[in-house]
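**Student:** Sending over a structure as structure tokens; questions will come in a sec.
The values are calculated or read from the model by the stated rules, or taken from the named source; none is laboratory data. Since we're looking at a predicted model, the values are computed, not measured. Neighbour counts run over all protein chains shown; Cβ positions are idealised from the backbone, glycine included. Ligands, DNA and RNA are excluded from the accessible area calculation, which covers all protein heavy atoms including side chains. Shrake-Rupley method; radii C 1.70, N 1.55, O 1.52, S 1.80 Å.
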Amino acid sequence: MYEGPISYSGKSLFFQCPFKWADAYIHGNRSPQGKAAQRGNQLHDALEQFFLNPMTYPSRVQTNRGWESVLGAWEGYMRDLLQHNPIPECELAVDKHWQPTSFDDPMAYARGKADLRYENDTSLYIYDWKSGNIYDSHKSQGEMYIAMSPEGYEEYVTRFTYLDRCPTEVTNKYSHKDRENIIVELRDEIEIIRNATEYPQTPNDGCKWCHLSWRN
């Protein structure tokens with residue numbers, strides 16, 4: 001039985017290919033990060049530093065593609081977010097009873113990091129910066145963030161900001177009841193992962209990233 005924390009990326013990998021998940025999360029053979037993911041992390045890091053110290057906006061960022069000005073078009077948008085006193089790189093984690101716990105708790109049931117979070121009296125807002133294409137799976141990622149966020153809000157909002165596609169933003173809204181239903185579904189999925197005893201290979205489009213692929 002697997003007893004480590006389940007993240008959205010881990011959950012997605014399991015249902016994509018249980019063998020690849022076991023290789024990564026049980027045996028520790030993580031695939032190297034691709035160039036697109038490296039670039040995304042570099043843009044994320046620049047925005048994190050801005051929200052921690054907003055004296056200078058990163059209009060130009062050095063990535064593995066060289067100096068890029070892709071964030072420049074978002075400056076007004078990002079500065080407007082500052083007025084809400086947001087928390088960058090917000091750590092979220094829950095225990096098996098779905099109560100908040102430390103992100104570093106080795107017995108955490110599920111965990112993740114939201115790129116930005118702020119709240120008011122009635123609503124909680126979670127932001128995620130995306131580089132590259134728009135995927136339907138992003139909505140599911142946001143729902144896992146909502147499920148791990150504190151209860152008690154009338155409305156939960158996720159906003160996906162597509163940095164390479166200014167001014168594209170996708171917003172999803174959820175009620176307190178929606179959050180409860182998401183938690184039920186997530187628990188079922190996490191239990192499947194934690195109680196799995198067999199990890200069959202599942203060939204799919206993601207095989208090119210696997211170290212077992214003939215391409216590698």
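**Student:** Which members of the range 34-47 meet the condition of being within 16 Å of Asp115 (Cα to Cα) and either open to solvent by less than 50 Å² (accessible area, probe 1.4 Å) or over 17 Å from the mean Cα position of the chain (by Cα) (or both)?
**Tutor:** Ala37, Arg39, Gly40, Leu43, His44, Ala46, Leu47
**Student:** Please determine whether any residue of the range 140-155 is modelled with pLDDT under 95 and surrounded by 19 or more Cβ atoms within 10 Å (Cβ to Cβ).
**Tutor:** Checked the range 140-155: no residue is modelled with pLDDT under 95 and surrounded by 19 or more Cβ atoms within 10 Å (Cβ to Cβ).
**Student:** Next question, about the same structure. Need the failing condition index for Leu92 against (1) among the aliphatic types (A, V, I, L, M); (2) surrounded by fewer than 19 Cβ atoms within 10 Å (Cβ to Cβ); (3) at pLDDT 95 or above, just the number.
**Tutor:** (2)
**Student:** Quick one: in the range 172-188, which of the residues that are surrounded by fewer than 16 Cβ atoms within 10 Å (Cβ to Cβ) and within 18 Å of the chain's Cα centre (by Cα) is farthest from Met1 (Cα to Cα)?
**Tutor:** This residue is Lys173.
**Student:** Now for a separate question. Here is a check on your reading of the model: is Arg30 over 30 Å from Glu191 (Cα atoms) and either open to solvent by less than 30 Å² (accessible area, probe 1.4 Å) or among the charged types (D, E, K, R) (or both)?
**Tutor:** no
**Student:** Tell me which residues, restricted to the range 1-20, are surrounded by 19 or more Cβ atoms within 10 Å (Cβ to Cβ), under 17 Å from the mean Cα position of the chain (by Cα) and not in a loop (DSSP other than H, G, I, E, B).
**Tutor:** Matches in the range 1-20: Ile6, Tyr8, Gly10, Lys11, Leu13, Phe14.
**Student:** Taking the range 115-162 only, how many residues are acidic (Asp, Glu), assigned to a loop (DSSP other than H, G, I, E, B) and farther than 22 Å from Ser9 by Cβ? Give the steps one after another, and end with the answer.
**Tutor:** Applying the first criterion (acidic (Asp, Glu)) to the range 115-162 yields 115, 119, 121, 128, 136, 143, 151, 154-155.
Those still in the list that are assigned to a loop (DSSP other than H, G, I, E, B) too: 121, 136, 151, 154.
Filter once more, so that each one left must be farther than 22 Å from Ser9 by Cβ: 121, 151, 154.
Summing the residues that are acidic (Asp, Glu), assigned to a loop (DSSP other than H, G, I, E, B) and farther than 22 Å from Ser9 by Cβ in the range 115-162 gives 3.
**Student:** Could you look through the range 66-89, keep only residues that are small (Gly, Ala, Ser) and in a helix (DSSP H, G or I), and pick out the one that is most open to solvent (accessible area, probe 1.4 Å)? If you could, list the steps in order and put the result at the bottom.
**Tutor:** Kept after step one, since they are small (Gly, Ala, Ser), are these residues of the range 66-89: 66, 69, 72-73, 76.
Filter once more, so that each one left must be in a helix (DSSP H, G or I): 72-73, 76.
Values: Gly72: 29, Ala73: 70, Gly76: 44 Å².
If we take residues in the range 66-89 being small (Gly, Ala, Ser) and in a helix (DSSP H, G or I), then Ala73 is most open to solvent (accessible area, probe 1.4 Å).
**Student:** Further, regarding this structure: Of everything in the range 156-171, what is within 21 Å of Ser7 (Cα to Cα) and either open to solvent by 20 Å² or more (accessible area, probe 1.4 Å) or not hydroxyl-bearing (Ser, Thr, Tyr) (or both)? Give them in sequence order. Before the answer, list the steps.
**Tutor:** Residues of the range 156-171 that are within 21 Å of Ser7 (Cα to Cα), as a first pass: 156-161.
Correct list: Val157, Arg159, Phe160.
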